[in-house]
Amino acid sequence: MMAGRGGSETDAAGGPARHLPVLLSEVIDYLAPRDGGVYVDGTFGAGGYTCAILASADCRVIGIDRDPNAIRDGQALVVESGGRLALAHARFGELDAVAAEAGSPQVDGVVLDIGVSSMQIDEGERGFSFRRDGPLDMRMSQDGPSAADLVAKLSETELANLIYRFGEERRSRAVARAIVEARTLAPIERTLQLADIIAKVVWAKPHEPHPATRTFQALRIAVNDELGELARALSAAECILKPGGRLVVVTFHSLEDRIVKNFLANRAKAAGGSRHLPAVQAAAPSFALVARGAIEAGEGELAVNPRARSAKLRAGERTGAPAHPAGDLSSLLPPLPILDAPRRR
């Protein structure tokens, strides 16, 4: 079975988690591929969802990934598909433009599996892992500023804000202070180097996540603008889905899930109305919810794939109404809490 993405670095025993697509059967059930349809896998990874989509119907898939390694490694599947799969090296926030360039400006379904892929975590040299030594990189697209750049250049307050916002780390001030103090002695350029610094100020019991989990998550999200990409992808999917087309999104932490939940809830009700304006000016619902609440993995999947324990699936079906105005997508993003300047010792 092809690999999927995931939100956890280790299995319950502390070893590498196996590459298994999360909530695979549920994704296919809610996406409901049909013969002749065109589907966008916005987070291709190693092709886990794409393989299942192609196997479930005589359809086509447009696979997108910002990681050039994923596109390179997926070429064999392109050949095997007999012309039913096209791959594009791009960000999934650009999925509308990618689909149009591939000759399908309107599609029958979009699936997104948000977060870092298991392959990226397992390759220490990519810099995502706090258990495998490697350069402090974390760039999915392998270009632009790295995590090491953020750690080296951000002020103590900026680091604390970032770690608190994107990692929901309660000890963000202590972590930021430790980073700033450590970098005055030597550049922080390796993953285990940073993990050791964090472990000195964040303590976890044996059954709890690694002390560096939340800080690494925060840096990864910031480096790759993951939440901004998600908001743009949701808006793009709304624009290219045909009436009856399905949007299926799998997330792995509360920040992502909240964005998807709020987007679908907003689009599933009339928008833009006001008691001061005629009702005809309100935008009709552009989505109908097909999954009431979040779908989570069952005990059977958790037994073989502990990585699925934090996964949540949400899905909507496109109505015939026009897409809502994109507006300011920042309204979908969590606000940046401004912490008081950390006290100097």
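Which members of the stretch 49-83 meet the condition of being closer than 27 Å to residue 238 by Cβ, touching a residue at least 40 places away in the same chain (Cβ under 8 Å) and surrounded by fewer than 24 Cβ atoms within 10 Å (Cβ to Cβ)? If the condition is that a residue be closer than 27 Å to residue 238 by Cβ, touching a residue at least 40 places away in the same chain (Cβ under 8 Å) and surrounded by fewer than 24 Cβ atoms within 10 Å (Cβ to Cβ), then 51, 59, 60, 66, 67, 70 are the ones that fit.
Residues considered: 202, 107, 111, 151. Of these, the only one that is under 30 Å from residue 247 (Cα atoms), out of contact with any Asp or Glu (no Cβ under 7 Å at 6 or more places or on another chain) and open to solvent by less than 60 Å² (accessible area, probe 1.4 Å) is 107. Note on the stretch 143-172: residues that are of a type in the set (D, E, K, R), under 17 Å from residue 202 (Cβ atoms) and part of a helix (DSSP H, G or I) total 2. Among the residues of the stretch 177-216, the ones that are outside any helix (DSSP H, G or I), more than 16 Å from residue 136 (Cα to Cα) and in contact (Cβ under 8 Å) with a residue 24 or more places away in the chain come to 3 in all. Criterion applied to 121, 179 was being modelled with pLDDT of 95 or more, of a type outside the set (Ser, Thr, Tyr) and open to solvent by less than 60 Å² (accessible area, probe 1.4 Å), and the one residue passing it is 179. Filtering the stretch 250-271 to residues that are open to solvent by 40 Å² or more (accessible area, probe 1.4 Å) and of a type in the set (A, V, I, L, M, F, W, C) leaves 265, 270. Contact map, the stretch 155-175: first residue open to solvent by 50 Å² or more (accessible area, probe 1.4 Å), second residue assigned to a helix (DSSP H, G or I), Cβ cut-off under 7 Å, separation 6 or more or different chains; pairs are 164/172; 168/214; 173/160. The set of residues from the stretch 228-249 being among the hydrophobic types (A, V, I, L, M, F, W, C) and either open to solvent by 10 Å² or more (accessible area, probe 1.4 Å) or without any contact (Cβ under 8 Å) to a residue 40 or more places away in the chain (or both) comprises just one member, 239.
The values are calculated or read from the model by the stated rules, or taken from the named source; none is laboratory data. These figures come from a predicted structure and were not determined experimentally. Every residue, glycine among them, receives a Cβ derived from its backbone with ideal geometry; neighbour counts consider all protein chains shown. Just the protein is used for accessible areas: all its heavy atoms, side chains included, with ligands, DNA and RNA removed. Shrake-Rupley method; radii C 1.70, N 1.55, O 1.52, S 1.80 Å.
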